[in-house]
Amino acid sequence: MSTTWSIVNTEYLLSEGGETNVVNRLHWQCIVADGEHFARAYGTVSVPTDDLSNFTAFADLTEAQVIEWAKAAIGDEQVTRIEEGLASRVSEIITPTTGSGLPW
């Protein structure tokens with residue numbers, strides 16, 4: 001199975017602490033896939049803007065950097081739960097353990 005994190009969108013303050021376009025909210029997704037089967041989680045997290053000493057200009061941000069921000073805001077334990085939960089859903093899709101329907 002493969003796990004892919006990505007940033008779907010950012011929100012930013014036009015001006016904050018003497019800087020412009022300061023990212024303060026991230027919209028992320030995590031997709032776990034096995035061949036054609038996949039499961040997806042989506043969420044939004046806030047990014048603290050109280051300390052801009054390591055500020056990166058909006059135009060210089062990379063998706064990898066912003067994914068790290070998102071994962072830090074989510075927390076290691078929750079990131080693991082998200083990834084494991086999605087992997088379980090994919091496994092259930094591939095090898096179902098329950099069914100539904102009507103006998104007629």
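Some values worked out for this structure:
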| quantity | calculated |
| --- | --- |
| Of all residues making up the range 45-59, the number that are free of Cβ contacts under 8 Å to residues at least 24 places away in the same chain and over 13 Å from Tyr12 (Cα atoms) | 4 |
| Residues (of a type in the set (A, V, I, L, M) and either in contact with a Cys (Cβ under 8 Å, 6 or more places away or on another chain) or in a loop (DSSP other than H, G, I, E, B) (or both)) located in the range 31-78 | Ala41, Val47, Leu52, Ala57, Leu61 |
| Every residue from the range 33-58 that is closer than 19 Å to Ala73 by Cα and loosely packed, with under 12 Cβ neighbours inside 10 Å | Tyr42, Ser46, Pro48, Asp50, Asp51, Ser53, Asn54 |
| Hits in the range 60-103 (condition: in contact (Cβ under 8 Å) with a residue 12 or more places away in the chain and either acidic (Asp, Glu) or exposed (fewer than 11 other Cβ atoms within 10 Å of the Cβ) (or both)) | Glu63, Glu83 |
| Members of the range 1-25 that are in a strand (DSSP E or B) and touching an Asp or Glu at 6+ places or on another chain (Cβ under 8 Å) | Ser2, Thr3, Ser6, Ile7, Val22, Val23, Asn24, Arg25 |
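No value in this document is a laboratory result; all are computed from the given coordinates. Note that this is a predicted model, so its numbers are computed, not measured. Positions of Cβ are generated from backbone atoms using ideal geometry, with glycine treated the same way; all protein chains shown enter the neighbour counts.
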